[in-house]
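A.B. asks: Got a structure for you, written out below as structure tokens; questions coming shortly.
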């Protein structure tokens with residue numbers, strides 16, 4: 001049905017509601033008909049909105065025209081104001097929630113996201129937190145495949161792990177960030193909760209499969225609850241869940257994996273949150289090709305983080321001078337990580353996470369001074385600061 005038909009249906013629905021006969025005078029049958037007309041009009045208009053959003057995106061170049069957080073807030077503010085003028089029973093908070101969800105879902109339909117597979121890994125979970133369940137997901141076997149998919153345009157976005165609270169930095173991701181032209185446009189922090197999945201009862205479990213890190217992080221629980229079970233390393237927690245899903249109850253096979261894996265592979269959950277440390281989190285970066293001007297595309301929100309990579313000059317006190325530049329301009333460093341430069345033995349590059357946005361004057365001043373102390377410096381991206389982990393299946397889209 002075309003746009004004209006949709007609008008005609010909307011007009012008919014509105015004319016019935018706003019006719020001289022108040023809806024309070026309608027009998028139950030007519031009220032249900034009017035409600036059905038409302039539902040049909042809503043569905044048609046949401047689909048029209050999705051088509052328009054896709055058309056707008058098709059006309060944009062890579063990395064251009066992405067609505068900023070501020071623009072999205074302005075759109076929702078206008079809708080909330082319109083609702084107040086209408087004077088209906090819908091509260092402002094409900095109006096905002098409904099249209100935020102409509103905006104999120106319709107914008108997700110076009111996103112193609114590369115992640116470290118298989119399905120139901122924690123990277124997949126993080127991707128769903130950021131992009132929702134409606135995005136088109138591409139499974140990658142290796143982290144460098146994620147970068148390659150985005151660089152080649154196979155995927156619009158890529159999501160890669162960059163840091164774990166117990167295991168530290170993900171060196172492969174950092175090395176790729178240092179050499180790739182991709183930009184970091186967002187971050188996602190996911191709380192890692194391990195669960196025991198099995199078709200067997202707890203007292204019948206004989207073998208437990210999972211990724212080596214997951215097995216190590218649950219060692220105490222395993223020794224206390226199923227001490228006699230054999231512990232076997234697998235390539236991923238999702239692969240372990242697949243093995244448990246394919247097993248028979250009498251085989252006594254279990255997996256340490258996520259609740260998402262239990263959902264996707266239909267495996268019963270025998271125990272939840274079995275990790276020995278409760279504060280286990282992994283941070284992921286969202287990658288995208290640079291926009292036309294090569295600068296980070298996000299607009300400042302007032303609570304942002306900027307990532308950069310730099311290499312100091314080969315002289316005494318160079319790193320001290322770099323750190324002092326941040327101090328003198330009141331720039332707070334959230335994280336600094338060193339990696340071998342790969343170009344010369346015993347030379348290092350540094351990854352810096354700092355509070356603020358690249359357009360902030362103090363950040364721009366720091367960047368200018370760093371040119372005197374560094375052989376190279378590059379902004380990887382500026383984006384809203386994520387201050388807490390999430391296990392929510394869906395967050396607002398990029």
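The values are calculated or read from the model by the stated rules, or taken from the named source; none is laboratory data. These figures come from a predicted structure and were not determined experimentally. Using ideal geometry, Cβ is built from the backbone for each residue, glycine included, and neighbour counts are taken over all protein chains shown.
Rundown of residues vs (1) closer than 27 Å to residue 259 by Cα; (2) in the same structural domain as residue 132 (by TED's automatic domain parsing); (3) out of contact with any strand residue (DSSP E or B) (no Cβ under 9 Å at 6 or more places or on another chain), yes/no style:
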| site | (1), (2), (3) |
| --- | --- |
| 160 | yes, yes, no |
| 165 | yes, yes, no |
| 170 | yes, yes, no |
| 176 | no, yes, no |
| 186 | yes, yes, no |
| 199 | yes, no, no |
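A.B. asks: Also, I was wondering about something else. Tell me, please, whether a residue that is modelled with pLDDT under 85, under 30 Å from residue 153 (Cβ atoms) and either assigned to a strand (DSSP E or B) or touching a helix residue (DSSP H, G or I) at 6+ places or on another chain (Cβ under 6 Å) (or both) can be found in the stretch 284-299.
C.D. replies: Within the stretch 284-299 (the criterion being modelled with pLDDT under 85, under 30 Å from residue 153 (Cβ atoms) and either assigned to a strand (DSSP E or B) or touching a helix residue (DSSP H, G or I) at 6+ places or on another chain (Cβ under 6 Å) (or both)), the answer is yes, since at least one residue qualifies.
A.B. asks: Give the number of residues within the stretch 257-268 that are on the phi < 0 side of the Ramachandran plot and surrounded by fewer than 24 Cβ atoms within 10 Å (Cβ to Cβ).
C.D. replies: Residues in the stretch 257-268 being on the phi < 0 side of the Ramachandran plot and surrounded by fewer than 24 Cβ atoms within 10 Å (Cβ to Cβ): 7 in total.
A.B. asks: On to the next question. Need pairs with beta-carbon distance below 7 Å; first residue assigned by TED's automatic domain parsing to the domain that holds residue 135 and within the stretch 32-53, second at pLDDT 85 or above; sequence gap 6+ or separate chains.
C.D. replies: Pairs that qualify, where the first residue is assigned by TED's automatic domain parsing to the domain that holds residue 135 and the partner is at pLDDT 85 or above: there are none.
A.B. asks: Of the residues that sit in the stretch 302-326 and are within 31 Å of the chain's Cα centre (by Cα) and loosely packed, with under 14 Cβ neighbours inside 10 Å, which one is farthest from residue 387 (Cα to Cα)?
C.D. replies: For the stretch 302-326, the residue satisfying everything is 302.
A.B. asks: Do the conditions hold for residue 67, that is, is it modelled with pLDDT under 85 and assigned to a loop (DSSP other than H, G, I, E, B)?
C.D. replies: yes
A.B. asks: For residue 227, which of the numbered conditions (1) in contact (Cβ under 8 Å) with a residue 40 or more places away in the chain; (2) surrounded by fewer than 17 Cβ atoms within 10 Å (Cβ to Cβ); (3) more than 19 Å from the chain's Cα centre (by Cα) fails to hold?
C.D. replies: (1)
A.B. asks: Pairs, please: C-beta under 8 Å, at least 6 apart or cross-chain, first residue without any contact (Cβ under 8 Å) to a residue 40 or more places away in the chain and in the stretch 354-371, second surrounded by fewer than 15 Cβ atoms within 10 Å (Cβ to Cβ)?
C.D. replies: Short answer, once both residue conditions are applied: 362/330.
A.B. asks: Select from the stretch 164-191 the residues that are crowded, with 18+ Cβ neighbours inside 10 Å, in contact with a helix residue (DSSP H, G or I) (Cβ under 6 Å, 6 or more places away or on another chain) and under 29 Å from residue 264 (Cα atoms) and list them in ascending order.
C.D. replies: 173, 188, 190
A.B. asks: Please go through the stretch 341-361 and give me each residue that is over 26 Å from residue 172 (Cα atoms) and loosely packed, with under 15 Cβ neighbours inside 10 Å, ordered by number.
C.D. replies: 361
A.B. asks: Filter the stretch 167-208 down to residues that are in a loop (DSSP other than H, G, I, E, B) and under 24 Å from residue 154 (Cβ atoms), then give me how many there are.
C.D. replies: Summing the residues that are in a loop (DSSP other than H, G, I, E, B) and under 24 Å from residue 154 (Cβ atoms) in the stretch 167-208 gives 4.
A.B. asks: Counting just the residues of the stretch 327-340 that are in contact (Cβ under 8 Å) with a residue 40 or more places away in the chain and closer than 17 Å to residue 172 by Cα, which one comes out nearest to the chain's Cα centre (by Cα)?
C.D. replies: Checking each candidate, the answer is 337.
A.B. asks: Please pick out the residue among 254, 238 that is within 22 Å of residue 116 (Cα to Cα) and either crowded, with 17+ Cβ neighbours inside 10 Å or over 22 Å from the mean Cα position of the chain (by Cα) (or both).
C.D. replies: Details: 254 fails: within 22 Å of residue 116 (Cα to Cα).
Of the residues listed, the single one that is within 22 Å of residue 116 (Cα to Cα) and either crowded, with 17+ Cβ neighbours inside 10 Å or over 22 Å from the mean Cα position of the chain (by Cα) (or both) is 238.
A.B. asks: For residue 79, indicate whether it is modelled with pLDDT of 70 or more, more than 18 Å from the chain's Cα centre (by Cα), more than 26 Å from residue 127 (Cα to Cα) and loosely packed, with under 12 Cβ neighbours inside 10 Å. Let's see the steps before the verdict.
C.D. replies: On the way: modelled with pLDDT of 70 or more: yes; more than 18 Å from the chain's Cα centre (by Cα): yes; more than 26 Å from residue 127 (Cα to Cα): yes; loosely packed, with under 12 Cβ neighbours inside 10 Å: no.
It is false that residue 79 is modelled with pLDDT of 70 or more, more than 18 Å from the chain's Cα centre (by Cα), more than 26 Å from residue 127 (Cα to Cα) and loosely packed, with under 12 Cβ neighbours inside 10 Å.
A.B. asks: If you scan the stretch 133-152, which residues turn out to be part of a strand (DSSP E or B) and closer than 9 Å to residue 112 by Cβ?
C.D. replies: Answer for the stretch 133-152, where residues must be part of a strand (DSSP E or B) and closer than 9 Å to residue 112 by Cβ: 136, 137, 138.
A.B. asks: Please give the number of the condition residue 56 fails out of (1) modelled with pLDDT of 85 or more; (2) on the phi < 0 side of the Ramachandran plot.
C.D. replies: The failed condition is (1).
A.B. asks: Taking residue 205 as the residue in question, decide whether it is under 19 Å from residue 239 (Cβ atoms) and in the same structural domain as residue 118 (by TED's automatic domain parsing).
C.D. replies: no
A.B. asks: What single numbered condition from (1) in contact with a helix residue (DSSP H, G or I) (Cβ under 8 Å, 6 or more places away or on another chain); (2) modelled with pLDDT under 95 fails to hold for residue 210?
C.D. replies: Going through (1) in contact with a helix residue (DSSP H, G or I) (Cβ under 8 Å, 6 or more places away or on another chain); (2) modelled with pLDDT under 95 one by one, residue 210 breaks only (2).
A.B. asks: Still on this structure: Here are 127, 155: which of them is part of a helix (DSSP H, G or I) and either under 22 Å from residue 380 (Cα atoms) or touching a helix residue (DSSP H, G or I) at 6+ places or on another chain (Cβ under 9 Å) (or both)?
C.D. replies: Answer to the check: 127.
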